[in-house]
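Report on one structure; see the data block that follows.
What follows is calculated from the coordinates using simple rules that are stated; it is not laboratory data. Please read all numbers here as calculations on a predicted model, not as lab measurements. Cβ sites come from the backbone with ideal geometry, for glycine too, and all protein chains shown count toward neighbours.
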Amino acid sequence: GGLKRASYLFGTMHLLCNQDAVLSDGLKAAIDSARDVYFEIDMDNMMEMLGALRYSRMNGGKKLHDLLGTADYKKVQDYFSAHPSPIPLSMLESFKPMFISAMVGEQLMDCPQKAGMEQVIMKEAKDEGKEIRGLETARFQAGLFDSIPYESQAKELVSYIDSLDYYRKNTELMAEVYHRQDLRRLDSLVARSD
């Protein structure tokens with residue numbers, strides 16, 4: 001209470017197909033009327049964005065192949081052989097498995113070009129001369145990732161790869177529901193998600 005001007009909270013899917021990553025007139029108006037625009041982290045701060053990459057690595061020099069048995073590790077290798085990514089598995093070895101899962105998730109959307117909704121919003125905000133800020137730091141978010149044992153994260157990564165068809169359908173459904181702005185259905189999809 002006590003706010004002198006309206007404050008808006010906008011929920012995004014981080015990644016959408018290009019044709020769906022557009023700003024509605026209402027969102028443009030909200031950005032235009034806002035004094036500051038906040039994201040999870042300050043996406044306009046290059047040091048913070050580089051920090052996000054730096055903190056994506058596991059502590060203690062751990063490697064993915066140390067956390068998984070031979071058969072499970074081969075599943076991860078086979079996935080990356082069949083789905084080349086901008087960062088090869090050899091470089092991802094030291095990354096937190098949840099970060100690798102997020103990369104796998106980004107490849108589930110079946111469209112030739114994708115766009116980050118946050119980047120679309122940030123461009124609009126900067127074009128309007130708005131200050132970009134962050135609610136959290138990359139270091140804080142990395143600490144949350146570190147609170148889940150790396151072994152558990154690695155097992156979840158394998159489980160994710162084992163169930164890709166299910167997650168692909170779920171992601172496509174979520175994108176469709178998000179595009180329709182069906183908040184009730186979106187809430188039920190998030191609630192049943194594991």
* To do: Only residues of the stretch 65-92 count here: report those whose backbone N is under 14 Å from the spot 7 Å along Cα→Cβ of residue 53, or say none.
  => 86-88, 91-92
* Cα convex hull of the stretch 42-82, projected area averaged across orientations, nm² -> 4.3
* Relative contact order for the stretch 40-194, counting Cα pairs under 8 Å that sit 6 or more residues apart, in percent -> 37
* State to the nearest 20 debye the size of the charge dipole of the stretch 62-109 about its Cα centre, where the only charges are +1 on K and R beta carbons and -1 on D and E beta carbons. => 100
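Rg(Cα) of the stretch 33-130 divided by 2.2 N^0.38 Å?
1.36
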* To do: Report the calculated FRET efficiency for residue 19 and residue 159 (r = Cβ-Cβ distance, R0 = 35 Å), to the nearest 0.05.
  => 0.65
* Asked: Which one of 161, 58, 86 is farthest out on the positive end of the charge dipole of the chain, using unit charges on Cβ (Lys, Arg +1; Asp, Glu -1) and the Cα centre as origin?
  -> 58
* Unsatisfied cross-links (Cα-Cα over 18 Å) in the set 4/123; 63/96; 4/126 -> 4/123; 4/126
* **By average C-beta atoms within 10 angstrom, highest first, the peptides 59-65, 170-176** => 170-176, 59-65
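Provide Rg over Rh for the stretch 49-194; use the alpha carbon set for both Rg and the Kirkwood Rh (inverse mean inverse pair distance).
Values: Rg = 17.1 Å, Rh = 17.3 Å.
So for the stretch 49-194, dividing Rg by the Kirkwood Rh gives 0.99.
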* May I ask you to compute the full-extension gain from residue 94 to residue 191, defined as 0.36 nm times their residue separation minus their alpha-carbon distance, rounded to one decimal in nm? => 31.8 nm
* Structure fact -> FRET efficiency (residue 27, residue 87; Cβ distance; R0 35 Å; to 0.05) is 0.65
* If the label point is 7 Å along Cα→Cβ of residue 176, which residues in the stretch 104-144 have backbone nitrogen under 18 Å from it? -> 108-112
* Structure fact -> Toy charge model, Lys and Arg Cβ at +1, Asp and Glu Cβ at -1: the stretch 69-194 dipole around Cα centroid in debye, rounded to 20, equals 100
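What does the helix-only formula give at 222 nm for the chain: each DSSP H stretch with n ≥ 4 adding -39500 (n - 2.57), the total divided by the residues, and the result rounded to the nearest 500 deg cm²/dmol?
Calculated from helices alone, the mean residue ellipticity at 222 nm is -16500 deg cm²/dmol.
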